[in-house]
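The values are calculated or read from the model by the stated rules, or taken from the named source; none is laboratory data. None of the values given here were measured: they were computed from a predicted structure. We place every Cβ from the backbone using ideal geometry, glycine too, and count neighbours over all the protein chains shown. Only protein heavy atoms, including side chains, enter the accessible area calculation; ligands, DNA and RNA are left aside. Shrake-Rupley method; radii C 1.70, N 1.55, O 1.52, S 1.80 Å.
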Amino acid sequence: MLAIWRKELKSYFNSPIAYIFIWFFLVVTALKFFFLRGEGPQGQLRDNFFVTQEASLTAYFSVFPIALGVLVPMLCMRMWPEEYKSGTIETLMTLPVRAWQVVIGKFSAMLSILAITFALSLTVPWSVNEAAVVGLDWGPIIGGYVGAFLMGSAYCAVGLLMSSFTREQVIALLATFIVSLPLALAGTAYVESPTPDWLSPIAKFVGFAVRFQSIERGVLDLRDMFYFLSVTVLFVYLNITVVEARRLK
Amino acid sequence: MLEVRDLHKYYGAFHAVRGISFDVAKGEIVGFLGPNGAGKTTTMKIAVGFMTMSSGTITVDQRDVVQDSMAVRRVIGYLPEHAPLYEDMTVTEYLSFIADVRGLRGTLRAERLQYVLGVCALEPKRRSGIKTLSKGYRQRVGLAQAIIHDPKLVILDEPTVGLDPNQIIEIRNLIREIGERNTVVLSSHILAEVEATCSRVVIINEGLIVANGAPSALGAALTDDNVVQLELGADSCDVKGTFAEHVDVAEVLVAETTHRGCTITIRVAESCTSTKPMIDLSAQNGWEIHGIVRPNATLEDVFKSLTNSEGEPQSSLILANETEPHVEGHAEIEDADIGDKS
Ligand SMILES: Nc1ncnc2c1ncn2[C@@H]1O[C@H](COP(=O)(O)OP(=O)(O)O)[C@@H](O)[C@H]1O
Ligand SMILES: [Mg+2]
């Protein structure tokens, strides 16, 4: 399992994917936070950091659900399609490792990229802390990162599953978008009008952004954490099942 | 070492493997031969535990490949068709990855890495990226990967396909070398391939085994002992006519003109037990005899006669003892029939 994690991580950094992911994530979220006037998920207007000088990262974290929803599929698209297309899946699945070990190995490599990205993004709270008149309250920030990591791992799990259905990276990418974007946006103000009334409570339940919002405010609601964890576990489990089924077919 | 019993595999409604059974004893190099689409790859994928069978059993080293998959995977080395490799790794990175997953540690890991790099002549390429390697080198990396854990059974699917003649010879030598330590099963659709490397051949066609035995024994079994070939210093037309009329000749099979005269292949009558009448006949006509042989059927002939499928039930030629693999039922029959019988 460790060997598979190492192999996947190495191949991330052998290709531009990891760099692109990290770079985009950091730049997009920082730009949004520092320079753009934005809208919160509930439709409220937010000024950029230089206007407000507010010692809070709420506006920073609020970009995370969308940013991760758009960027994480990039991390997933290569995972299984490459193995299926090149045939390396045959060597891999006839080594003395079980399917779950391979899946967890791949999944943990994705989590490692997330962790690296988030670690680098700590420069933002750090600079806010330096610049702001009042120092930062680190509690909500730690909470925000914990939440972001859980949300990110849920996205990874979804993407990993989607990529296991196909041999084509592009299809894997699109399939992941098709599932993770609705998950990201469900229940937010952006999609309020097209969402029918009866769907709205469900949307608020599954929506990643809505869930994340409460975490980001510093309210560490166990239910939200548990939700992201459950999604992760469910999709990783489904992935193991799919990989087994595809192999034995 | 490997026992396949009544193996069936359906792909949907398509019956790809239709009940095959064979054994491979420890130390053998067995060729699994058949035309494209015969079911070789399917059988191998099932044997290594990548796919499941529709019915039947396979055991490797007395262990069931389905029930005891992990144990079986530990003792098998497998080179899939086309040697799939991770393109973005270097040779050493790739082999180290396989060694790690196979649980090799410490000095043993270092020794085995060194050993396979040496045996497979990969030393000069150890730091090269796999995507820069030629097909021959890729195949060697695939072989290195398959033997890194010193497996009891090595399964190679079409190990020389797509290689140029020099690379083929190198890979064959390598397979023979591997065969000295390990039991090897390799598949091929090329006869020369298995004739060159294997002590025994299992021929499969359309999901059925049609022959099983030592290459030379299979040839001998199909050899028609009544066929005689003479090379004479004479005109082929004269020769053909004269021989056709002789009492001891059942049939003239071929008569061709060559630079020395002609070559004539005849089937002699069952009653005729020696080649003397043919020699006498030639002498009477004043034809110089350049040579006389009783040709042996080659594996080529075996293959042709058994895989000539027009949907008809095929004859099959099973020389190896299926249930008791350790009996030397497939001992080589020496090419005793070659040569001058006069
Ligand atoms: N995944 C699959 N789905 C459907 N049919 C398949 C599949 N794999 C192989 N076949 C069919 O099964 C037969 C045997 O294939 P294979 O075992 O690859 O033959 P070989 O390796 O001897 O060339 C072929 O007719 C092939 O078309
Ligand atoms: Mg094949």
*Hits in the stretch B:9-33 (condition: on the phi > 0 side of the Ramachandran plot, away from chain A (no Cβ under 13 Å) and out of contact with any Asp or Glu (no Cβ under 7 Å at 6 or more places or on another chain))*: B:Gly27
*Given (1) closer than 19 Å to A:Phe149 by Cβ; (2) surrounded by fewer than 19 Cβ atoms within 10 Å (Cβ to Cβ), index of the condition A:Tyr60 fails*: (2)
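Within the stretch A:63-75, work out how many residues are more than 14 Å from A:Leu173 (Cα to Cα) and buried (at least 24 other Cβ atoms within 10 Å of the Cβ). Give the derivation first.
Restricting attention to the stretch A:63-75, the residues satisfying the condition of being more than 14 Å from A:Leu173 (Cα to Cα) are A:63-67.
Adding the requirement that they be buried (at least 24 other Cβ atoms within 10 Å of the Cβ) leaves A:64-65.
Result for the stretch A:63-75: 2.
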*Residue check for B:Val48: assigned by TED's automatic domain parsing to the domain that holds B:Asp157, more than 30 Å from B:Lys125 (Cα to Cα) and in contact with a strand residue (DSSP E or B) (Cβ under 6 Å, 6 or more places away or on another chain)*: no
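Please work out which residue is nearest to ligand 2 (Cβ to nearest atom), limiting yourself to the stretch B:73-87 and to residues that are facing chain A (nearest Cβ under 9 Å) and in contact with a strand residue (DSSP E or B) (Cβ under 8 Å, 6 or more places away or on another chain). Let's see the steps before the verdict.
Going residue by residue through the stretch B:73-87, those that are facing chain A (nearest Cβ under 9 Å) are B:73-74, B:76, B:78-87.
Those still in the list that are in contact with a strand residue (DSSP E or B) (Cβ under 8 Å, 6 or more places away or on another chain) too: B:76, B:78-81, B:87.
Numbers: B:Ile76: 18, B:Tyr78: 13, B:Leu79: 12, B:Pro80: 10, B:Glu81: 5, B:Glu87: 22 Å.
Among those residues, the one meeting the criterion is B:Glu81.
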*strands (runs of 3 or more DSSP E) within the stretch B:1-42 that include 3 or more residues more than 9 Å from ligand 1 (Cβ to nearest atom) and without any contact (Cβ under 8 Å) to a residue 60 or more places away in the chain*: B:2-11
*Filtering the stretch B:58-72 down to residues that are open to solvent by 20 Å² or more (accessible area, probe 1.4 Å) and touching a residue at least 40 places away in the same chain (Cβ under 8 Å), which residue is nearest to ligand 2 (Cβ to nearest atom)?*
B:Thr59
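Restricting attention to the stretch A:224-249, and to residues there that are within 14 Å of chain B (Cβ to nearest Cβ) and of a type outside the set (D, E, K, R), which single residue is surrounded by the most Cβ atoms within 10 Å (Cβ to Cβ)?
It comes out as A:Val243.
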*Scan of the stretch B:88-114 for residues that are in a loop (DSSP other than H, G, I, E, B), open to solvent by 20 Å² or more (accessible area, probe 1.4 Å) and at the interface with chain A (Cβ under 9 Å from one of its Cβ atoms), ordered by number*: B:Asp88, B:Arg102, B:Gly103
*Working only within the stretch A:104-131, note down all residues that are within 14 Å of chain B (Cβ to nearest Cβ) and under 17 Å from the mean Cα position of the chain (by Cα).*
A:Ile104, A:Lys106, A:Ala109
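For A:Thr166, are the conditions met, namely being part of a loop (DSSP other than H, G, I, E, B), surrounded by 16 or more Cβ atoms within 10 Å (Cβ to Cβ) and at pLDDT 85 or above? Steps first, answer last, please.
Working: part of a loop (DSSP other than H, G, I, E, B): yes; surrounded by 16 or more Cβ atoms within 10 Å (Cβ to Cβ): yes; at pLDDT 85 or above: yes.
Answer is yes for this residue.
Taking the conditions exactly as written (at pLDDT below 90 and more than 18 Å from A:Met151 (Cβ to Cβ)), does A:Gln42 satisfy them or not? Give the derivation first.
Working: at pLDDT below 90: yes; more than 18 Å from A:Met151 (Cβ to Cβ): no.
So A:Gln42 fails the test.
Per-residue answers, yes or no, for (1) within 14 Å of another protein chain (Cβ to nearest Cβ); (2) within 16 Å of ligand 2 (Cβ to nearest atom); (3) open to solvent by less than 40 Å² (accessible area, probe 1.4 Å):
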site: B:Ile204; (1), (2), (3): no, yes, yes
site: B:Gly213; (1), (2), (3): no, no, yes
site: B:Ala221; (1), (2), (3): no, no, no
site: B:Gln229; (1), (2), (3): no, no, no
site: B:Lys240; (1), (2), (3): no, no, no
site: B:Val247; (1), (2), (3): no, no, no
_Residue that is most open to solvent (accessible area, probe 1.4 Å), among those in the stretch B:4-57 that are closer than 13 Å to B:Leu208 by Cα and among the small types (Gly, Ala, Ser)_ = B:Gly37
_Among (1) within 24 Å of B:Pro35 (Cβ to Cβ); (2) more than 16 Å from ligand 1 (Cβ to nearest atom); (3) within 14 Å of another protein chain (Cβ to nearest Cβ), the one test that B:Leu153 misses_ = (1)
